[in-house]
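Visitor: I'd like to ask some things about the structure below.
The values are calculated or read from the model by the stated rules, or taken from the named source; none is laboratory data. Source: prediction; values computed, not measured. Cβ atoms come from the backbone with ideal geometry, glycine included; neighbour counts cover every protein chain shown.
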Amino acid sequence: MKGIWYNFIRLIIKIGLFFYTKRIKVSGKNNIPKKGAVLFAINHPNGLIDPLIATTNIKRDNHYLVRAASFKKPVVKKILGSLNLMPIYRIRDGASQLGKNQEIFESCFDIFNRGETLMIFPEGSHNRKRTVRPLSKGFTRIVFGALEKYPDLDIKIIPVGLTYQNVSYYPAKVSLNFGKPISANDFYNPEKLNISTVQLKNEVSCQLKKLSVHIKDDENYECTLAKLNDAQVDFTNVELVNKIILSGNIPEKKEANTNLLKPIFYLILLNSFIPFLIWKKVSKKIDEIEFIDTFRFTINKVTFPIFYSFQTWIIHLFFGWNIAGIYVLTSLLLILLYTKLSTTNTEA
């Protein structure tokens, strides 16, 4: 029953992302083992929408480690638990809370022993900067701990690179790249655990820097990013952009394209006035740009079906179901038209 519930929610989210994203460009899915223990190690540029995009493009059922703050309310905790989410405690949650992680780690060991998958964000936090940040050793503790407890296990690590054309911009344009499997067993040496940890972190980090757009975080970062933005590069073409960065031959400045479908956007707003007002009220309380996509997607996913259903029902009362059906189909068509065909420039 839990599997049915999980797959139902994943389908609902996938449909929502279809209407929310211009394109999710996926590569390397053939690198994902069809069975056996797998840890997906993903970079984290854009809040909670990152795991939604990743998991809806992975056929296998996933378990997730997310920050413990999301589990404060009992009802929310129960819902998240039903969807295979588990809390991970960080130092900011209080030093006294860190001891609870051992119980979570034990659950992760058992997940691997059952031949299932786990999704983790080894950078430890989200950040929109176009750079792969230093990885925490938490994911190495999990895979090495599992190998210590279950020596016969074979655990594969799949680095996953996420790159957005613009974080927080609608419609979202995203690149999702699955890397080559890394055998955790090849790095595990209980006699030299610190060295094993460093080597595994380096291997995962090296792949992530190729699977997502990576600008070295030094004194030239802002200048390089500004030039790439001015050139209106397609950041979701990860391999090409990384080659441009390494060569230093950044194209000349290019004028941003005019979004000719903007009138359709205003028509959608007029037709979705109440959901828009709800979003505007909520958006004022968002203090991290990395959470804009998360909240906007969630609010739209809830309010749009309810509001459009209500409007369709009202129209049918006055004009009948034929006109009501034409209304709702036209409304969805306008959203798809704008989402899939509108111009997506790079951020200023």
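Visitor: For the range 25-43, what are the residues that are crowded, with 20+ Cβ neighbours inside 10 Å and closer than 22 Å to Asp234 by Cβ? Outline the logic, then answer.
Guide: So the first thing to find is which residues in the range 25-43 are crowded, with 20+ Cβ neighbours inside 10 Å, and the list is 37-43.
Once the filter is applied, which keeps residues that are crowded, with 20+ Cβ neighbours inside 10 Å and closer than 22 Å to Asp234 by Cβ, the range 25-43 yields Ile42, Asn43.
Visitor: Going by the conditions given, is Ile158 modelled with pLDDT of 95 or more, assigned by TED's automatic domain parsing to the domain that holds Ile32, within 26 Å of Ile32 (Cβ to Cβ) and aliphatic (A, V, I, L, M)? Reasoning before the result, please.
Guide: Working: modelled with pLDDT of 95 or more: yes; assigned by TED's automatic domain parsing to the domain that holds Ile32: yes; within 26 Å of Ile32 (Cβ to Cβ): yes; aliphatic (A, V, I, L, M): yes.
When the stated conditions are applied, Ile158 passes them.
Visitor: With Leu176, Leu200, Leu153, Leu147 as the choices, which residue is of a type outside the set (Asp, Glu), surrounded by 17 or more Cβ atoms within 10 Å (Cβ to Cβ), in contact (Cβ under 8 Å) with a residue 12 or more places away in the chain and assigned to a strand (DSSP E or B)? First the steps, then the outcome.
Guide: Working: Leu200 fails: assigned to a strand (DSSP E or B); Leu153 fails: assigned to a strand (DSSP E or B); Leu147 fails: assigned to a strand (DSSP E or B).
Unique residue meeting the criteria: Leu176.
Visitor: May I pose another question? Could you look through the range 211-226, keep only residues that are part of a loop (DSSP other than H, G, I, E, B) and touching a residue at least 12 places away in the same chain (Cβ under 8 Å), and pick out the one that is surrounded by the most Cβ atoms within 10 Å (Cβ to Cβ)?
Guide: Looking only at the range 211-226, we keep the residues that are part of a loop (DSSP other than H, G, I, E, B), and these are 212-220.
From the residues that got through so far, the ones that are touching a residue at least 12 places away in the same chain (Cβ under 8 Å) too are 212-217.
Values: Ser212: 27, Val213: 29, His214: 21, Ile215: 20, Lys216: 13, Asp217: 13.
If we take residues in the range 211-226 being part of a loop (DSSP other than H, G, I, E, B) and touching a residue at least 12 places away in the same chain (Cβ under 8 Å), then Val213 is surrounded by the most Cβ atoms within 10 Å (Cβ to Cβ).
Visitor: Now a separate question. Can you tell which of Pro151, Pro181 is farther than 21 Å from Ile32 by Cβ and more than 19 Å from the chain's Cα centre (by Cα)?
Guide: Details: Pro181 fails: farther than 21 Å from Ile32 by Cβ.
Just a single option satisfies the conditions, and that option is Pro151.
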